[in-house]
Structure formats: structure tokens, C-alpha cells
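**Q** Sharing a structure below in C-alpha cells format, with a few things to ask.
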Amino acid sequence: MNLHELFLTEKDAIRSGWIQELQRVSGNLAGRVSQADLMKRADEMSGLLVQALQSSGGNTVDTVDFTILDRFFDEFARDRVEQGFNSEETATFVFTLKRPLFERIQARTAGDAQAMAQLSWDATELVDRLGLRAVSAFQRMREAVIERQQHELLELSTPVVKLWKDVLALPIIGTLDSNRTQIMMETLLTRIAETEAAIAIIDITGVPTVDTLVAQHLIKTVTAIRLMGADCIISGVRPQIAQTIVHLGVDLGEVTTKANLADALALALKRTGVRVVSGGEAA
């Protein structure tokens, strides 16, 4: 007897025992998943597992086509990530299959120690590989969620504000790296195209330090803005940052810089032909 024959002849008993094990551990799931969902997943995996074992032709576990279960594990892992499970809880779903599987092996191979030992080893290897596949899928899905969340946070950290007609501002807080610069550039250029802004102010007051890499990122962004037909002003250039830029020998070229956002806005309004007057002058 091999694993495929065991699952074909004992499928109902294995499924029943597996569901009992799942129900036993489901008390630790804190209502995140229903027993109906567990039963549905167990039924689906059982059917796919029989197909995978059939592909081996009754030979060793090494010949089993586990890719048949990949789509199932991807969907299963995606749901578990969204439901707040960790990798251990995800793997438990698979490993609870061991007890009912071993019970049926013992019942079917009673009196044949060699057959019991071989089949038990095959079952152990099978469940372990399934568990590793489930954990691997879970890690991929969790990393995808983390990557998406990081991207969303980067977008939130680069808000483009309309200060005046034809004038946009991008206040930057925190450090600049290649990924953030790329998102910053895309966001700003998109807003320039949407609003047909003439001037964009990049405020670096919240940037703790400016090194050669940060300066290069800024120059790259300014160049892209000019290619869009707009002008750019960098504000928030503190004395320490100015000294650092000079010390590093970074050439900002023809980039206009201002000490603070207020001065940058005043210059932007002047360039767009807007004259700001006090209440007394207006009278």
C-alpha cells in the first residue's frame, strides 16, 4: 500500500479525523475563521492532495506534483494574512493532518511493522512538505502586503499641496532614498500635469541631513520638473545644509533656493505675476 491508495480507501475517515483536529484547535483562532471555512478548506485540499498523489503513480513522495496545490495555498495564505494569522497558525492547518493520517496507517498496516514504518515515513515527509509550502506561500503574501503598505505610506509621505494658482508645494519630512524620490517625482509630475502649474516648491525643512545622494535626488527631480515646462524652487535650505552642500562640492546648478517656505512662496507669486499687498495698501 502507498499513500495514494491509503487516501483513496480511507479518504472519508482521514477527512473526518482531520476536521475533528481542526475543530479542536479552532478555539485558539479567536473567531477569525469559522468552522465552515475550515471544513471547506479541508475538503478542497483533500481533493487536490489525492490528485497530487495520483500524479506520482504510487511511487515516492519525491515524485508527487505539489504544484497542483500551489494555487490553493496562495489563496489560503492570502486569506490568512488578511485575517491576521501568523505563519505558525497557518502551518497548523496542514500539520493537524498528521494524527488522523497516522491513525489510519496504523489501522491498515497492523501486524506489518515494515509497511507501517515505510508508510509513516512517507506520510511524515508528505505533510512536512505541504506545511513548508503553506508557510512559503504565507510569507510571500505577507511580504506583498508589507510592500504595498510601504508604498502607500511613501505616497502619503509625499503630499503635493496647491498653495496658489499655478503654484504647488511638496513638503518633505524625513530622509530621501531612491524609492521615495521616485514616488515623490511621479506624484509631483502628475500634479503638475493635472493642474498645469507653473512653479513647484520643494520644501526640505523636514529633511534632517543633505548628503551627496540626497542632493542628486533633488537635482534629478528639478530636472524632471523643468522638462514638464515648470520651474522649481527649493526651500528650507538651513545654514547647516548650505555648508554641507558646499563642503560636499555638490553643484545645484541654476536651482533657485530659499531659506524658508514663505520666501519661496513670495518668489513664486512674483514670478507668476501676482502682487501681494497689505490691507492698508489695498485701501
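The values are calculated or read from the model by the stated rules, or taken from the named source; none is laboratory data. These figures come from a predicted structure and were not determined experimentally. Cβ placement follows ideal geometry from the backbone for every residue including glycine, while neighbour counts extend to all protein chains displayed.
**Q** Under the condition of being modelled with pLDDT under 80 and among the small types (Gly, Ala, Ser), which residue from the range 157-186 is surrounded by the fewest Cβ atoms within 10 Å (Cβ to Cβ)?
**A** Ser178
**Q** Out of Val246, Val276, Val210, report the one residue that is more than 34 Å from the chain's Cα centre (by Cα), of a type outside the set (Lys, Arg) and assigned to a loop (DSSP other than H, G, I, E, B). Give the steps one after another, and end with the answer.
**A** On the way: Val246 fails: assigned to a loop (DSSP other than H, G, I, E, B); Val210 fails: more than 34 Å from the chain's Cα centre (by Cα).
The unique qualifying residue is Val276.
**Q** Just wondering, is there one or more residues in the range 142-156 that are at pLDDT 90 or above and either touching an Asp or Glu at 6+ places or on another chain (Cβ under 6 Å) or surrounded by 17 or more Cβ atoms within 10 Å (Cβ to Cβ) (or both)?
**A** Yes; the residues of the range 142-156 include at least one that is at pLDDT 90 or above and either touching an Asp or Glu at 6+ places or on another chain (Cβ under 6 Å) or surrounded by 17 or more Cβ atoms within 10 Å (Cβ to Cβ) (or both).
**Q** I'm trying to understand the selection: among the residues of the range 3-18, which are surrounded by 19 or more Cβ atoms within 10 Å (Cβ to Cβ) and more than 14 Å from Leu49 (Cα to Cα)?
**A** Correct list: Gly17 only.
**Q** Here's a follow-up. Against the conditions (1) small (Gly, Ala, Ser); (2) under 30 Å from the mean Cα position of the chain (by Cα); (3) at pLDDT 90 or above, where does Ala262 fall short? Just the number, please.
**A** In the conditions (1) small (Gly, Ala, Ser); (2) under 30 Å from the mean Cα position of the chain (by Cα); (3) at pLDDT 90 or above, Ala262 misses (2) alone.
**Q** Please go through the range 83-127 and pick out each residue that is in contact (Cβ under 8 Å) with a residue 60 or more places away in the chain, within 19 Å of Lys40 (Cα to Cα) and assigned to a helix (DSSP H, G or I).
**A** Within the range 83-127, Glu89, Thr92, Phe93, Pro100, Leu101 meet the criteria.
**Q** Gly31 - would you say it is small (Gly, Ala, Ser), in a loop (DSSP other than H, G, I, E, B), surrounded by fewer than 16 Cβ atoms within 10 Å (Cβ to Cβ) and at pLDDT below 80?
**A** Values: small (Gly, Ala, Ser): yes; in a loop (DSSP other than H, G, I, E, B): yes; surrounded by fewer than 16 Cβ atoms within 10 Å (Cβ to Cβ): yes; at pLDDT below 80: yes.
It is true that Gly31 is small (Gly, Ala, Ser), in a loop (DSSP other than H, G, I, E, B), surrounded by fewer than 16 Cβ atoms within 10 Å (Cβ to Cβ) and at pLDDT below 80.
**Q** Go through the range 229-248 and count every residue that is farther than 16 Å from Ile202 by Cα and crowded, with 17+ Cβ neighbours inside 10 Å.
**A** So the answer is 2.
**Q** Return the residue satisfying two criteria in turn: it lies in the range 187-212 and is of a type in the set (Asp, Glu), in contact (Cβ under 8 Å) with a residue 12 or more places away in the chain and surrounded by fewer than 17 Cβ atoms within 10 Å (Cβ to Cβ), and of such residues it is farthest from Arg275 (Cα to Cα). Give the derivation first.
**A** First, pick out the residues of the range 187-212 that are of a type in the set (Asp, Glu): 194, 196, 203, 211.
Going one step further and asking which of them are in contact (Cβ under 8 Å) with a residue 12 or more places away in the chain, we end up with 196, 203, 211.
Remaining after also requiring surrounded by fewer than 17 Cβ atoms within 10 Å (Cβ to Cβ): 196, 211.
Numbers: Glu196: 20, Asp211: 36 Å.
Ranking the candidates gives Asp211 first.
**Q** Given the residues Ala77, Ala113, which is the only one that is over 25 Å from the mean Cα position of the chain (by Cα) and at pLDDT 90 or above? Lay out the reasoning, then the answer.
**A** Details: Ala77 fails: over 25 Å from the mean Cα position of the chain (by Cα).
After applying the criteria, what remains is Ala113.
**Q** Looking at the range 173-185, can you tell me whether even one residue there is without any contact (Cβ under 8 Å) to a residue 40 or more places away in the chain and of a type in the set (Ser, Thr, Tyr)?
**A** Within the range 173-185, one or more residues are without any contact (Cβ under 8 Å) to a residue 40 or more places away in the chain and of a type in the set (Ser, Thr, Tyr).
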